[in-house]
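The numbers here are math on the coordinates, done by the rules we state, and not lab data. In this text the structure is predicted, and so the values were computed from the model without any measurement. Reconstructed Cβ throughout: ideal geometry from the backbone, glycine too, with neighbour counts over all protein chains shown.
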Amino acid sequence: MKFSRLKLLGFKSFTDPVELVLEPGITGVVGPNGCGKSNLVEALRWVMGESSYKAMRASGMDDVIFSGSGNRPARNSAEVTVVLDNSDRTAPQAFNSADTIEISRRIEREQGSVYRINGRDVRARDVQLMFADASTGAHSPALVRQGQIGELIAAKPTQRRALLEEAAGISGLHSRRHEAELR
Ligand code: ATP
Ligand code: MG
């Protein structure tokens, strides 16, 4: 399973529709300061179910919606879609019957987020668990924030263990066990 496309509409600095094609191999994003490189990585984190607005460098989740600049008016919604190429059939079982999987998250001002997998409404949790089972997600160690390497070196063993569990793809199981214990 691979990320093959990232589509943005009204997310942070991207008011016009943008579609990024992620070819096999390494993709580099270059551009001047403030052009939106980090916003792209945050879009990927967001569509995978990031629930912390702080992780989006925002003071509320509505801040991810384009707030206007120059002569471009603010928008009332933002949407990010990620397309997964599943032609190698390695997606988690529940989603493994199709060649492509499309996950989208849309936010309307003051109304929160709506998630879809292949056009069907799902809960945030369904999206988070799908990515956790695939050993990735909004908190995946594969997404390296500025300053994160230093945090890792200074981390306590229990914090480092959480990273290893995420990498091993078992954090979804922990989350399900926790939920079962609360019932
Ligand atoms: P650097 O090279 O400095 O790391 P960058 O390319 O990573 O820069 P970003 O941090 O992704 O840049 O983008 C910052 C820009 O995004 C700022 O100009 C900021 O005003 C803009 N921005 C962030 N949120 C919004 C929003 N909700 N509406 C409009 N613009 C926004
Ligand atoms: Mg940046």
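Structure above, values below:
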quantity	calculated
Reach of residue 12 by Cα under 25 Å, taken over lysines that are not fewer than 8 positions away in the same chain	2, 37, 54
The chain: calculated mean residue ellipticity at 222 nm from DSSP helix runs of at least 4, using -39500 (n - 2.57)	-8500 deg cm²/dmol
For the stretch 1-130: rounded, prolate or oblate by the Cα gyration tensor [a/c cutoff 1.5]	oblate
Shape of the stretch 63-129, Cα gyration tensor, a/c cut at 1.5	prolate
Highest-MSF residue in the chain out of 68, 172, 49 [GNM, Cα springs under 10 Å]	68
Separation of alpha-carbon centers, the stretch 19-72 and the stretch 96-130, rounded to whole Å	18
The chain, dipole about Cα centre (Lys/Arg Cβ +1, Asp/Glu Cβ -1), debye to the nearest 20	360
